[in-house]
């Protein structure tokens, strides 16, 4: 019989030999002894190969010369196809082994997906005959893969294929004894005759929703494998149907995939490179992962985090898809935050935590809202930055793909801290869009500061200033999450937390004050430690205690930040400062002895100024002398900020002398006056203004109120007088009132001749000129004229012309004065 069929031509259908031979083979196959599986497969394959590749029916009919011939050809075609379907049905279902049935059905696979629609049509018509309601499949017969193969063609190009595909898909459930809503399904199947593609897709979707809950759980993977193959190879309408069926089944049965999840994800990842080339197919695949994640977010996130760093394009796309899809978007960020929190539990950061940060960056780049999660997200990423400072990414955690990456990208990936900082930058950008934070006063420089070990604390301070003042609840949550940093075993993290708690930021009210015509000239700030509402609701009492402890730490940066926090507490909790004034003052004063770090000294001076404004002379009395003596040592500091703050503090101390220290303070003023007078012409104008103010405060202690008139020439808004003229007027007034102070000024002037600032050297010479001019003969006898002459002679060779001229003038004044006093050189 097979030989007869083989002899039939493959381009025509003129004789009934195929049809009759197929009938004969079907009956013969039932006789005993039964043929083996291989015999069955060979017979079926040969018959399929000799019938399905025939040309389209219309072309076959055109070979007939008369209408009767054409009608005969049509008759033979229908009978042959029917006979092949019955043969396949008989051989398949007479077999009791599910695996054998599966193998026989697989003979149709290549024809079901043929690029020629007439071949697909024949294959589906035969399949529909095989999968009928009157059949009962053997035990363990799997329908998942077949459903994935057949169902998408319910949106194929020909109505006959669409209906046969729907009939076959429904038949799969019937042969398994699964009861369906047959009336409704048959009605939907009839609707597939419509040529409107959108109608076809809608009907196919409805069928999918009806049957999706009935697929056995253990066969879902087989179904997914088949549909993913379909997404790669099928025509556009079938691809759409393929995606719809896949999503429908995942929505219905995704929860049952827990034990098979890793295998499912592996299958999907395998198909990604090909599907990326097909936009619609790729989107369906992304939606499938999001749908799976909606049921199993933690396992999906864990699986994705195991991808090698740096994340490749596909992995980044998956993260973004999870963030954008409504089914998973509300869970993804929460899952990543939990992962990051677990990864930083020991205040140490490994590759897992860095991978989470990279994932968060991809998720947030989609614009997903952070409201509600911002405090946790902010503090965890800040902690990650702190814990990765100075780290290099281990080579074992890197993908081999790094070898083909661009050089710039490879360098960036080698710095975990920069990765973490980039993610926090993304978080802050989203927070600003949602009104949870504001732009940093450091601009983009903030992020460079944060990921550098030497400037990290400065970056944290700038970040703290970018907190939205109006978001008290957010700030309280951030403070609560950061509180543990103050006692962390990680020194870097302690610095991070202390810097955040200590740093000031400008409030809206202070901004107006600073900008108003009558406002103060220095920038006024409000800080976390200065917010009264935070003291009321937060745990800043404990923060204050920990700040005090950190102010004694061996790490200078930690000390600086702690001292700043203690100073800022003056505004937020003045009652706490007064209550704990002793420990606070001792901690801050200790910072004045940290001469190796001027930033610690400067911070101590600033904090003392803030704290002393709250205290009385009795509160300060025990520490007054020490504070005064230490403050004076910084009047000549090379750092402008240190000089300026020391002068401000000295001015404030004038109000805290009380009776006990009034005389002492007057003596210290006499020693300090030389600095105040010379720095009126300081390179920094702010220091000059501060010196004028401190002189105005100091004069009453010396009983020299007559000097107010001379100091009036230094008032704001007026041009500074020439230094020589001012000093001569000042010394002339002073000479009449108190020659002793004039002499003290002279004895303290020599060190300034070697000042590193040209303007101070010049001013010192001009002041000496004025002093010598106004000294009485009694005091002139005390002048070491040889030493003074030698120094002035040396200064005549100074690189600065103004110093040379001042030295020449002073030398002439000295000579004249000596002659007048009949003292000869």
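The values are calculated or read from the model by the stated rules, or taken from the named source; none is laboratory data. The structure displayed is predicted, hence computed values, not measured ones. Methodologically, a virtual Cβ is constructed for each residue, glycine included, from the backbone with ideal geometry; neighbour enumeration extends over all protein chains shown.
Spot the failing condition for residue 458; the list is (1) surrounded by fewer than 21 Cβ atoms within 10 Å (Cβ to Cβ); (2) within 18 Å of the chain's Cα centre (by Cα), and only one is missed. Exception for residue 458: condition (2).
Quick check on residue 240: is it under 26 Å from residue 139 (Cβ atoms) and within 38 Å of the chain's Cα centre (by Cα)? The answer is no for residue 240. So for the stretch 59-67 (the condition being touching a helix residue (DSSP H, G or I) at 6+ places or on another chain (Cβ under 8 Å), assigned by TED's automatic domain parsing to the domain that holds residue 103, in contact (Cβ under 8 Å) with a residue 60 or more places away in the chain and part of a helix (DSSP H, G or I)), does at least one residue qualify? Within the stretch 59-67, none of the residues are touching a helix residue (DSSP H, G or I) at 6+ places or on another chain (Cβ under 8 Å), assigned by TED's automatic domain parsing to the domain that holds residue 103, in contact (Cβ under 8 Å) with a residue 60 or more places away in the chain and part of a helix (DSSP H, G or I).
Okay, residues lined up against (1) crowded, with 21+ Cβ neighbours inside 10 Å; (2) at pLDDT 90 or above; (3) within 60 Å of the chain's Cα centre (by Cα):
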residue: 36; (1), (2), (3): no, no, no
residue: 45; (1), (2), (3): no, yes, yes
residue: 95; (1), (2), (3): no, no, no
residue: 123; (1), (2), (3): yes, yes, yes
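Residue-wise test of (1) modelled with pLDDT under 90; (2) more than 56 Å from the chain's Cα centre (by Cα); (3) on the phi > 0 side of the Ramachandran plot.
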position: 54; (1), (2), (3): no, yes, no
position: 59; (1), (2), (3): yes, yes, no
position: 65; (1), (2), (3): yes, yes, no
position: 86; (1), (2), (3): no, yes, no
position: 106; (1), (2), (3): no, no, no
position: 119; (1), (2), (3): no, no, no
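Tallying residues that are in a helix (DSSP H, G or I) and surrounded by fewer than 19 Cβ atoms within 10 Å (Cβ to Cβ) within the stretch 108-117 yields 3. Scanning the stretch 523-536 for residues that are at pLDDT 75 or above, buried (at least 22 other Cβ atoms within 10 Å of the Cβ) and in a helix (DSSP H, G or I) turns up nothing. If the condition is being farther than 20 Å from residue 125 by Cα and outside any helix (DSSP H, G or I), then the stretch 177-200 contributes 177, 178, 179, 180, 181, 196.
Checked against (1) touching a residue at least 60 places away in the same chain (Cβ under 8 Å); (2) surrounded by 17 or more Cβ atoms within 10 Å (Cβ to Cβ); (3) under 21 Å from residue 639 (Cα atoms), residue 767 passes all but condition (3). Against the list (1) over 19 Å from residue 429 (Cα atoms); (2) under 16 Å from the mean Cα position of the chain (by Cα), the condition residue 363 fails is (1).
Kindly indicate whether any position in the stretch 290-310 is in a loop (DSSP other than H, G, I, E, B), surrounded by fewer than 16 Cβ atoms within 10 Å (Cβ to Cβ) and either outside the structural domain of residue 222 (by TED's automatic domain parsing) or touching a residue at least 60 places away in the same chain (Cβ under 8 Å) (or both). Yes: the stretch 290-310 contains one or more residues that are in a loop (DSSP other than H, G, I, E, B), surrounded by fewer than 16 Cβ atoms within 10 Å (Cβ to Cβ) and either outside the structural domain of residue 222 (by TED's automatic domain parsing) or touching a residue at least 60 places away in the same chain (Cβ under 8 Å) (or both). Taking residue 435 as the residue in question, decide whether it is in contact with a strand residue (DSSP E or B) (Cβ under 8 Å, 6 or more places away or on another chain), modelled with pLDDT under 95 and surrounded by fewer than 22 Cβ atoms within 10 Å (Cβ to Cβ). In short, no.
For the stretch 217-235, the candidate set comprises residues that are out of contact with any helix residue (DSSP H, G or I) (no Cβ under 7 Å at 6 or more places or on another chain) and either over 18 Å from residue 269 (Cβ atoms) or not assigned by TED's automatic domain parsing to the domain that holds residue 268 (or both); within that set, the residue that is surrounded by the most Cβ atoms within 10 Å (Cβ to Cβ) is 235.
Inspect the stretch 780-790 for any residue being touching a helix residue (DSSP H, G or I) at 6+ places or on another chain (Cβ under 6 Å) and surrounded by 14 or more Cβ atoms within 10 Å (Cβ to Cβ) and give the result as yes or no. So far as the stretch 780-790 goes, no, none of its residues is touching a helix residue (DSSP H, G or I) at 6+ places or on another chain (Cβ under 6 Å) and surrounded by 14 or more Cβ atoms within 10 Å (Cβ to Cβ).
Whether any residue in the stretch 1-8 is closer than 15 Å to residue 82 by Cβ and assigned to a loop (DSSP other than H, G, I, E, B) is what I want to check. No, the stretch 1-8 contains no residue that is closer than 15 Å to residue 82 by Cβ and assigned to a loop (DSSP other than H, G, I, E, B).
Taken residue by residue, the stretch 130-144 has at least one member that is in a helix (DSSP H, G or I), crowded, with 19+ Cβ neighbours inside 10 Å and touching a residue at least 60 places away in the same chain (Cβ under 8 Å). Identify all residues within the stretch 31-58 that are more than 14 Å from residue 1 (Cβ to Cβ) and part of a loop (DSSP other than H, G, I, E, B); write none if there are none. Within the stretch 31-58, 32, 33, 34, 36, 52, 53, 54, 55, 56 qualify. Every condition in (1) surrounded by 16 or more Cβ atoms within 10 Å (Cβ to Cβ); (2) out of contact with any strand residue (DSSP E or B) (no Cβ under 9 Å at 6 or more places or on another chain); (3) part of a helix (DSSP H, G or I) is met by residue 571 except one, and the failing one is (2). For the stretch 12-33, the condition holds for at least one residue, the condition being that it is within 22 Å of residue 114 (Cα to Cα) and either surrounded by fewer than 18 Cβ atoms within 10 Å (Cβ to Cβ) or in the same structural domain as residue 80 (by TED's automatic domain parsing) (or both).
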